[in-house]
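Undergrad: Dropping a structure here in structure tokens format, bear with me for questions.
The values are calculated or read from the model by the stated rules, or taken from the named source; none is laboratory data. Computed from a predicted model, the values in this text were never measured in an experiment. All Cβ positions, even for glycine, are placed from backbone atoms using ideal geometry, and neighbour counts span all protein chains on display.
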Amino acid sequence: MSEVLLSVHKINKQFGPTTALRDVDFTLCRGEVHGLIGENGSGKSTLTSIIAGIRGADSGEMFKEGNPYKPASVVEAQNLGVAMIVQEMGTAPDILVAENIFLGKEKRYSRFGLVSKKALNKAAADALGKIGAGAIPAGAPTFKLNPEDRKLVELAKAMYEEPDVLIIDETTTALSNDGRKLLYNAVEKMQSEDKGVIFISHDLEELMSVCTIMTVLRDGDIIGTLTKDEFDESVIKSMMVGRELTGNYYRNDYDGVRGEEAVLRAEHLTGAEMVEDVSFELHAGEILGFGGLANGGIHELGRLLFGIDSAIVGSVTLADGTHIKDASTAVKNHMGYVSKNRDEEAIMLNASIRNNVVLPSLSKLVKGGLVAGGREKALTDKAICSLEVKCQSMEQLTRYLSGGNKQKVVFGKWLGNDSEILILDCPTRGVDVGVKQSMYRLMYDLKLSGCAIVLISEELAELIGMSDRLYILKNGKINGEFARSPELTEQDVIHAMI
């Protein structure tokens, strides 16, 4: 039997009236890649944040290599050999990459009380090179990096200390295929050195591939632990949600578009980065899918359609002739946009659920020149109830919601503004299987009501399962169009992507 590296016993954590963890026991052995899975709010991130020294437990105890383990901070946990890559962005944007990698440890590179930038940058470049991300400039301001590179900076920081325990919380959702390979290489290195990895993901296929053992949480309780030979997708899903997932995961109809009217036209749309000469029409009651490689232009297209980025050439026009030149025009014309980068662009983490939900709708909530508090509360309460947001109250800060419940708040703010056109960029990224199923149902219901949806996704199964029509972008240009069909396969679509 493998040597126990880390164990927790009877860990409890309460947030107000909400029980996040209840008498949780968990063991990580040497050489293990131990997956944690559960619905949003099940307690995965809370458990690992306690292990990583981010927060303390209300009760219970932890041991590392048989010795009592109770880190008072992240730095103390790192000094004891435990590093974590957090679900949210874990880098400070306004300092250099090198300063992020050695934040709190700058004294290593100081002399006579002054930090040597040259030594700091060299050490950071070495750290990035060790994980295969040497192309990231150590001396660059962190805010200039894209979200993927910022995640790789976090990985470099974690691996440079050569931890015994590496905790990965939903990191792969921010990474392209190339970035994921670097992360998986780090996981394999930890395993080959007889160390331990705790791996959190909502991607069940990924967990079953990467992990050697898996533990399922539900509502703060450990439901069970499965070894590799016991992995079974249907069993794990049932353990996660406490019930069999009934009904169709995706749509099962092939009825096509609900209306002939084109509610949005993109003509010869060209962006500053990748998108080039893209033209199409979006119809009322249509789910129009856009797929392709992550760096092929699909995400830039969503920003151009909503007016966040300005087109160099071409236009986005609504049925009444309105040109979408900026995001405020889009919002005024009942368009909504769900960003791929939720925590940075789609939601205000340090604002309440209520403030997030009502933001696009403030103009219609005004009464007598002032925003009516009662209307705000009614709109927010409707969103919380209809989308089943798990929260303490509408005044709870969104920062403290699980990933799936944050995403529900993002949907809620656009539905509250009666959006007739929705641009959804990876809308189910980082949410569990139960929330995914409810979001697909919501998208289909919106389609039936006449809402027009642009669905941008890196998941082919999602695109094929939900779209009425599907465009594939390759190197910024449309390289294939597919009609909804029971015969359409992922292999058909891949040919247009690569």
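Per-residue answers, yes or no, for (1) in a loop (DSSP other than H, G, I, E, B); (2) under 20 Å from V389 (Cβ atoms); (3) in the same structural domain as F306 (by TED's automatic domain parsing); (4) among the small types (G, A, S):
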{"residue": "K325", "(1), (2), (3), (4)": "yes, no, yes, no"}
{"residue": "G336", "(1), (2), (3), (4)": "no, yes, yes, yes"}
{"residue": "E345", "(1), (2), (3), (4)": "no, yes, yes, no"}
{"residue": "M348", "(1), (2), (3), (4)": "yes, yes, yes, no"}
{"residue": "N355", "(1), (2), (3), (4)": "no, yes, yes, no"}
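Undergrad: Working only within segment 154-201, note down all residues that are charged (D, E, K, R), surrounded by 24 or more Cβ atoms within 10 Å (Cβ to Cβ) and in contact with a strand residue (DSSP E or B) (Cβ under 7 Å, 6 or more places away or on another chain).
TA: Residues satisfying the conditions do not exist here.
Undergrad: Quick one: which strands (runs of 3 or more DSSP E) lie wholly within segment 1-107 and hold at least 2 residues that are within 27 Å of the chain's Cα centre (by Cα) and over 30 Å from V235 (Cα atoms)?
TA: In segment 1-107, 82-85 are the strands (runs of 3 or more DSSP E) which contain 2 or more residues that are within 27 Å of the chain's Cα centre (by Cα) and over 30 Å from V235 (Cα atoms).
Undergrad: If you don't mind, another one. Being outside any strand (DSSP E or B) and either surrounded by 24 or more Cβ atoms within 10 Å (Cβ to Cβ) or among the polar types (S, T, N, Q) (or both) is the filter here, so list the residues in segment 452-473 that pass it.
TA: S457, L463, M466, S467 - these are the residues of segment 452-473 that are outside any strand (DSSP E or B) and either surrounded by 24 or more Cβ atoms within 10 Å (Cβ to Cβ) or among the polar types (S, T, N, Q) (or both).
Undergrad: Got a number for residues in segment 334-345 being surrounded by 18 or more Cβ atoms within 10 Å (Cβ to Cβ) and at pLDDT 85 or above?
TA: 6
Undergrad: Quick one: would you say K151 is more than 30 Å from G38 (Cβ to Cβ) and either buried (at least 19 other Cβ atoms within 10 Å of the Cβ) or free of Cβ contacts under 8 Å to residues at least 12 places away in the same chain (or both)?
TA: no
Undergrad: Got a number for residues in segment 474-498 being of a type outside the set (A, V, I, L, M, F, W, C), under 25 Å from E261 (Cβ atoms) and surrounded by fewer than 16 Cβ atoms within 10 Å (Cβ to Cβ)?
TA: Number of matching residues: 2.
Undergrad: Taking K130 as the residue in question, decide whether it is closer than 22 Å to A52 by Cβ, among the basic types (K, R) and crowded, with 21+ Cβ neighbours inside 10 Å.
TA: Against the criterion (closer than 22 Å to A52 by Cβ, among the basic types (K, R) and crowded, with 21+ Cβ neighbours inside 10 Å), K130 does not qualify.
Undergrad: Looking at this structure, is T380 assigned to a loop (DSSP other than H, G, I, E, B) and either in contact with a His (Cβ under 9 Å, 6 or more places away or on another chain) or assigned by TED's automatic domain parsing to the domain that holds M335 (or both)?
TA: no
Undergrad: Okay, moving on. Is one or more of the residues making up segment 213-229 part of a helix (DSSP H, G or I) and either in contact with an Asp or Glu (Cβ under 6 Å, 6 or more places away or on another chain) or hydrophobic (A, V, I, L, M, F, W, C) (or both)?
TA: No, because not a single residue in segment 213-229 is part of a helix (DSSP H, G or I) and either in contact with an Asp or Glu (Cβ under 6 Å, 6 or more places away or on another chain) or hydrophobic (A, V, I, L, M, F, W, C) (or both).
Undergrad: Tally the residues that are surrounded by fewer than 13 Cβ atoms within 10 Å (Cβ to Cβ), at pLDDT 85 or above, out of contact with any Lys or Arg (no Cβ under 6 Å at 6 or more places or on another chain) and not assigned by TED's automatic domain parsing to the domain that holds A294, restricting the search to segment 244-276.
TA: Count: 2.
Undergrad: Sticking with this one: Could you go through segment 59-79 and let me know if any residue there is in contact with a helix residue (DSSP H, G or I) (Cβ under 7 Å, 6 or more places away or on another chain) and either exposed (fewer than 14 other Cβ atoms within 10 Å of the Cβ) or within 27 Å of E148 (Cβ to Cβ) (or both).
TA: Scanning segment 59-79, I find no residue that is in contact with a helix residue (DSSP H, G or I) (Cβ under 7 Å, 6 or more places away or on another chain) and either exposed (fewer than 14 other Cβ atoms within 10 Å of the Cβ) or within 27 Å of E148 (Cβ to Cβ) (or both), so the answer is no.
Undergrad: Check off (1) touching a Lys or Arg at 6+ places or on another chain (Cβ under 7 Å); (2) closer than 25 Å to A496 by Cβ; (3) of a type outside the set (S, T, Y); (4) not in a loop (DSSP other than H, G, I, E, B) for G302 and give me the number that stays unchecked.
TA: Result: G302 fails condition (1) only.
Undergrad: Going by what's in this entry, would D432 be described as surrounded by fewer than 22 Cβ atoms within 10 Å (Cβ to Cβ) and charged (D, E, K, R)?
TA: No, not satisfied.
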